[in-house]
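The values are calculated or read from the model by the stated rules, or taken from the named source; none is laboratory data. What you see is a predicted model; the values in this text were computed from it and never measured. Reconstructed Cβ throughout: ideal geometry from the backbone, glycine too, with neighbour counts over all protein chains shown. Ligands, DNA and RNA are excluded from the accessible area calculation, which covers all protein heavy atoms including side chains. Shrake-Rupley method; radii C 1.70, N 1.55, O 1.52, S 1.80 Å.
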Amino acid sequence: GKFYEMYHMDADVGVRDGGLVYMKGEQAHSGFPELAYGKYVEALVAKGHKVARVEQTETPDGTKLRVERLKKTGRKPSSAEKTMRREVCSVVTPGTRTYSVLDMRLEKDGGGFEPVAGPTLLAAVRERDVDGVLTYGVCVCDAPTGTFTLAQFEDDAMRTRLRTLLADKACAEVLVERAAAASNLVDVVRRSTTAAVESLAPGAEFWGADKTVDELDASGAFPKASKAGPAKGAARAARWPAVLQKSVAGGADLAVSALGAVAWWLRRGLVDLERLSMRRFEAYCP
């Protein structure tokens, strides 16, 4: 409908961190009108929460028709099957805000819509240390504009280039491999930015370069790239953004892997295809 509601412990969070008030009833219950969605999501995300938005995905008539079809098969529908379908349609984190109509808020003077200010960049950092030589792969995503910036470079012991990049980009979230969480990489990130640091499982969540290429091919983010048959590489060169193709062809595996982590995080928020398909890729040169 036109109202979002939270119950139990979620309602407690909404009241404590979102500025909501409890509604009448024995159970904890709070909510707000659809028009105020952006305002309260911003308030909750700013306090470090991840916000999942659940919508009804069928009408009452659709529910009735679905139940009737189940009965015609000779099977008695369960209580869950009789319930109107609802699905998670968005997961909002500091680095995955896209500012659609729902993600805006009214100005105090009622003069129109404007996004709430604050960092919105999402970054992923992959580190490799071979005989004391540090190499970094970085991907920075500006979700509101759909712009991806890729970089791979060697750095000194003070991580001068990495720290400069992070200070320049002012990220809201930084993704690292879980194995790196125990290293001093996380300390470097936290000293260079105020971003929240998220640790992802290597391989499954923080994809390697090869898996990133396979996932992008299969996703359809870049049309027809996966239908080329024997000439798959040539088709990719023609259809993938030039910066991304050069990163793959040029062996910038750490940068491509960092892009994989960002793509997985955006997929978790259900906004990966709409961001990647904009084909806005840039290169960062220290």
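Brief remarks follow.
- Of residues in the range 79-97 being of a type in the set (S, T, N, Q) and open to solvent by less than 50 Å² (accessible area, probe 1.4 Å), the one modelled with the highest pLDDT: Thr93
- Selection within the range 269-285: residues that are open to solvent by 80 Å² or more (accessible area, probe 1.4 Å) and assigned to a loop (DSSP other than H, G, I, E, B). The member of this set that is farthest from Leu165 (Cα to Cα) is Leu270.
- Residue in the range 29-39 that is more than 26 Å from Glu274 (Cβ to Cβ), in a loop (DSSP other than H, G, I, E, B) and at pLDDT 90 or above present: no
- Within the range 178-191, one or more residues are β-branched (Val, Ile, Thr), at pLDDT 90 or above and more than 15 Å from Ala261 (Cβ to Cβ).
- Residue match in the range 100-121 (condition: surrounded by 17 or more Cβ atoms within 10 Å (Cβ to Cβ), at pLDDT 90 or above and not in a helix (DSSP H, G or I)): yes
- Scanning the range 165-195 for residues that are farther than 26 Å from Arg279 by Cα, open to solvent by 50 Å² or more (accessible area, probe 1.4 Å), touching a residue at least 12 places away in the same chain (Cβ under 8 Å) and not in a loop (DSSP other than H, G, I, E, B) yields a total of 3.
- Near pairs, Cβ below 9 angstrom, 6+ apart or cross-chain, from the range 50-70 (touching a residue at least 60 places away in the same chain (Cβ under 8 Å)) to any residue that is open to solvent by 80 Å² or more (accessible area, probe 1.4 Å): none
- Test: residue in the range 233-256 that is modelled with pLDDT under 90, charged (D, E, K, R) and open to solvent by less than 40 Å² (accessible area, probe 1.4 Å): yes
- Residue list for the range 1-42, filter: open to solvent by 30 Å² or more (accessible area, probe 1.4 Å), among the aliphatic types (A, V, I, L, M) and over 24 Å from Met84 (Cα atoms): Val13, Val15, Val21
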